[in-house]
1. Rounded to the nearest whole Å³, what is the per residue volume of the convex hull around the Cα atoms of the range 123-170?
2. Calculate, axis by axis, the spread of Cα positions in the range 146-219 along the three principal axes, and write the results as whole Å, longest axis first.
3. Specify the angular offset, from 0 to 90 degrees and rounded to the nearest 10, of the alpha carbon long axis of helix 147-174 from the longest principal axis of the alpha carbons in the chain.
4. Please figure out what share of the DSSP beta bridges in the range 150-390 is antiparallel and state it in percent, rounded to the nearest 5.
5. Where Lys and Arg each count +1 and Asp and Glu each count -1, what net charge lies around residue 42 among other residues with Cβ under 10 Å from its Cβ?
6. Beyond 38 Å, what share of the Cα-Cα pairs of the chain is found? Please give it as a whole percent.
7. With every protein chain left in place and a probe of 1.4 Å, what is the accessible surface of residue 213, to the nearest 10 Å²?
8. Between residue 89 and residue 296, how many nm apart are label points set 7 Å from Cα along the C-beta direction?
Amino acid sequence: MNVPCTTDAIVGATFSKPSDTAFADKLKLRKTSADSFSADYFKGPKAFRDEWEIAKVDAFLTDAEKQFHAITIETAEKTITVLTSRKGKTTVLVKGRKTASASPATAFTKAPHNRVKNYILPEGESVPFLVKLGVMTAEGKVHAQKYDKFRQINRFLEFVDDILSDIVDAHEDAFPGTPLRIIDFGCGKSYLTFAVYHYLVVKKGIQAEIFGLDLKKDVIEACAKLAAACGYDGLRFACGDIADYRAENAGQGAPLDLVITLHACDTATDYALAFAVEHGARAILSVPCCQHELNTALGRTAPDEALNPLLKYGIVKERFSALATDVIRAETLSAHGYKTQLLEFIDMEHTPKNILIRAVKREDSGSLTTGADALKSALGVELTLERLLRQ
Ligand SMILES: C[S@@+](CC[C@H](N)C(=O)[O-])C[C@H]1O[C@@H](n2cnc3c(N)ncnc32)[C@H](O)[C@@H]1O
């Protein structure tokens with residue numbers, strides 16, 4: 001789409017008259033800072049609000065007229081209207097004056113390059129698995145609807161990058177010349193598993209073997225096919241339950257370098273964390289979700305009455321239980337020799353599942369007394385991770 005303004009000059013825009021391929025019935029963008037827009041969109045009776053970075057708006061505008069046949073763009077100086085006929089002919093009007101007729105394929109003027117984020121997998125660099133998973137085109141252009149996924153993948157790689165020298169150095173000391181050993185528990189469609197493999201092996205030239213485990217047979221089969229299609233020889237997948245895998249592999253195998261477990265539901269995270277500790281994982285990156293265990297247990301036990309106000313309101317009890325669970329997990333890892341942090345994975349706008357537990361084995365590796373004992377006794381519940389590591 002070719003209109004006479006740059007993306008960073010836009011203060012607001014409305015997109016209506018959706019085509020069959022439109023992701024929403026109507027979309028409104030409003031500039032909220034130099035680099036971002038609020039995006040309000042409607043699909044049937046549902047309304048959604050999101051925050052879009054300027055790079056995502058750029059990507060979306062490139063062919064927005066294919067999704068919306070009536071577009072109004074406001075800048076400080078002018079109102080630009082872009083109308084697309086059923087036959088795909090696009091007409092651009094500025095303040096009601098007809099100025100141009102452009103073909104739908106022509107590009108919107110891009111924002112200056114210094115606005116583009118410095119991603120580990122940058123836009124414009126074609127990455128085979130991202131192309132095959134439909135995140136980007138063969139030329140490396142990220143599809144607008146996949147921009148959040150693209151951002152999440154890059155954010156996750158930053159976390160891996162932060163701990164990389166720790167795990168590579170420790171591995172080289174202990175097992176020189178051998179591949180890193182990494183497991184992704186509850187890998188699902190494995191966007192992040194592929195991303196880690198690509199980053200380590202293809203971009204950094206580090207030897208690595210990554211194993212992804214998930215309950216879903218069809219998903220695992222698709223992942224294995226994709227790994228073969230990409231020529232990612234060191235990436236393997238299997239179908240199974242994390243708890244069973246832990247039981248079957250107790251005491252087996254060389255120490256692990258990294259255990260990843262992102263959004264594995266409820267106590268599946270605990271089995272993955274327990275496995276990591278038991279197999280001496282050098283580092284752990286975990287984003288828990290669906291932390292139901294404590295919330296359910298607190299309905300049955302008699303916790304310290306000081307907690308009553310926190311447990312009185314259902315929504316607060318649920319969130320408190322989820323946060324307390326992750327704090328106790330973090331403290332349990334600390335007690336087992338890890339330097340542990342709780343970090344924000346991606347902002348709340350995109351998902352409430354946003355606490356990342358990052359744990360790296362301490363040099364001394366000894367047990368550490370943590371401050372969680374009083375909290376645990378106030379709750380009166382022993383959580384799965386503590387129970388597994390006590391056995
Ligand atoms: C929300 S998806 C997340 C996928 C991926 N880790 C990510 O963050 O994009 C959660 C995945 O965990 C898997 N999962 C949940 N419980 C599991 C268990 N006990 N054993 C193995 N996989 C499990 C589910 O099948 C699902 O594919």
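The values are calculated or read from the model by the stated rules, or taken from the named source; none is laboratory data. Since this is a predicted model, take the numbers as computed values, not measurements. In this analysis, Cβ positions are derived from the backbone assuming ideal geometry, glycine residues included, and neighbour counts consider all displayed protein chains. Note: accessible area is taken over every heavy atom of the protein model, side chains too, but ligands, DNA and RNA are not part of it. Shrake-Rupley method; radii C 1.70, N 1.55, O 1.52, S 1.80 Å.
1. Numbers: hull volume 3.7 nm³, N = 48.
Measuring per residue, one finds 77 Å³ for the Cα hull of the range 123-170.
2. 37, 27, 17
3. Result, in degrees: 40.
4. Working: 11 of 31 bridges.
Here the share of antiparallel DSSP bridges comes out near 35 percent.
5. Numbers: positive: 26, 28, 43, 46; negative: 25, 40.
Taking every Cβ under 10 Å from that of residue 42, the sum is +2.
6. Working: 24823 of 76245 pairs.
Percent of Cα pairs beyond 38 Å in the chain: 33.
7. 10
8. With each label point 7 Å from Cα toward Cβ, the separation is 6.3 nm.
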